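These notes concern the structure reproduced below.
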Amino acid sequence: MGIFAKDYESAGPGIAKNAPKKTGIRLFFDIFFRKIWKLAEVNLLYSLFFLPLILILAVITLLNDSNIIITLSIILLLIFAVLIGPATAGMTKIIRSYILDKHSFIVRDFFRAFRNNFKKAAVVGFLDCVVLLSVYASFQVYPVLASIYGNFMYAFMVITFSFSLVVLMMNYYIYLMMTATTLSLKNLLKNSFALAFVGLKKNIISFLVFLVTAFAMFMLYVYFRPLCMMILPFFPAAFLCFVTGFNSYPVIQQYVINPYYTSIGEINPELVSDIPEEGEAVFEDMGGKEKPIEKRKKGKGRRIS
């Protein structure tokens with residue numbers, strides 16, 4: 001008897017070569033569960049680039065001299081701001097391969113994308129950090145200004161938050177295009193800004209997943225901090241990159257990559273999965289056509305010892 005009463009001794013009909021391909025949410029979970037451990041590895045590699053932030057906490061905790069603390073913190077923060085963009089490009093390169101159902105050598109592909117896109121990614125990552133600090137500062141400054149000058153100051157906080165939301169949605173596209181095309185930084189920014197509005201429906205879905213994930217990690221941090229610290233190196237970053245890439249890359253294909261190949265009279269090779277071979281095949285793939293093989297029933301025959 002098989003485990004949990006399932007029969008693992010009989011052969012099934014196989015999988016048909018031309019079976020309908022999964023799409024949408026079924027395809028998402030199919031890729032996700034097949035690559036879940038690979039995503040954890042990618043997340044762990046990406047987490048190493050957050051070490052400057054951890055060192056800042058260590059500096060603040062261990063040192064007493066405020067001048068040294070400020071100086072070291074600024075240096076470490078600048079290192080993080082410069083490196084996080086190329087690291088995100090490296091992670092995105094691998095995630096893009098998984099979305100296209102292609103193999104990827106994690107360490108090699110990560111650092112190749114890190115190196116090849118360093119200049120553009122460093123600029124984007126630095127700007128992202130500036131925007132993030134601006135959002136944090138707005139929550140600290142504008143409520144104080146509102147208490148002095150009136151509630152109309154909250155309008156500036158709303159503007160800052162709205163601008164940061166657009167920048168976040170631009171990030172859904174900019175690193176994907178950076179690792180998939182040879183566009184200049186100017187065109188990357190311009191295209192990602194346009195796609196942030198063109199793909200608004202998918203962007204909202206990605207943003208909601210981001211909010212749910214952030215809230216879940218926050219609750220874990222508050223109530224199960226040791227568990228949260230154990231999960232952080234393996235889970236959230238690569239998962240969110242996978243979600244946004246799965247939602248956003250078809251938009252990039254539709255509005256950026258496919259038009260390029262159409263203009264030169266070719267088909268986007270990412271969309272060609274099965275290329276028919278010339279000539280007749282000697283053997284036919286019988287996947288899905290074979291008759292299931294039933295296991296032989298056990299009888300009370302004589303045993304030869």
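Tabulated values for the structure
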{"quantity": "Verdict on ALA16 being in contact with a strand residue (DSSP E or B) (Cβ under 6 Å, 6 or more places away or on another chain), aliphatic (A, V, I, L, M) and modelled with pLDDT under 90", "calculated": "no"}
{"quantity": "Test: residue in the stretch 209-220 that is assigned to a helix (DSSP H, G or I) and over 28 Å from PHE29 (Cα atoms)", "calculated": "no"}
{"quantity": "Restricting the stretch 246-270 to residues that are under 17 Å from the mean Cα position of the chain (by Cα) and of a type in the set (Val, Ile, Thr), the residue that is surrounded by the fewest Cβ atoms within 10 Å (Cβ to Cβ)", "calculated": "VAL251"}
{"quantity": "Subset of the stretch 21-46 (residues that are closer than 27 Å to ILE84 by Cα and in contact with a Leu (Cβ under 8 Å, 6 or more places away or on another chain))", "calculated": "PHE32"}
{"quantity": "Residue in the stretch 39-48 that is buried (at least 18 other Cβ atoms within 10 Å of the Cβ), β-branched (Val, Ile, Thr) and assigned to a helix (DSSP H, G or I) present", "calculated": "yes"}
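The values are calculated or read from the model by the stated rules, or taken from the named source; none is laboratory data. Here the structure is a predicted model, which is why all the values come from computation and not from measurement. Glycine gets a Cβ as well: all are built from the backbone with ideal geometry, and neighbour counts include every protein chain shown.
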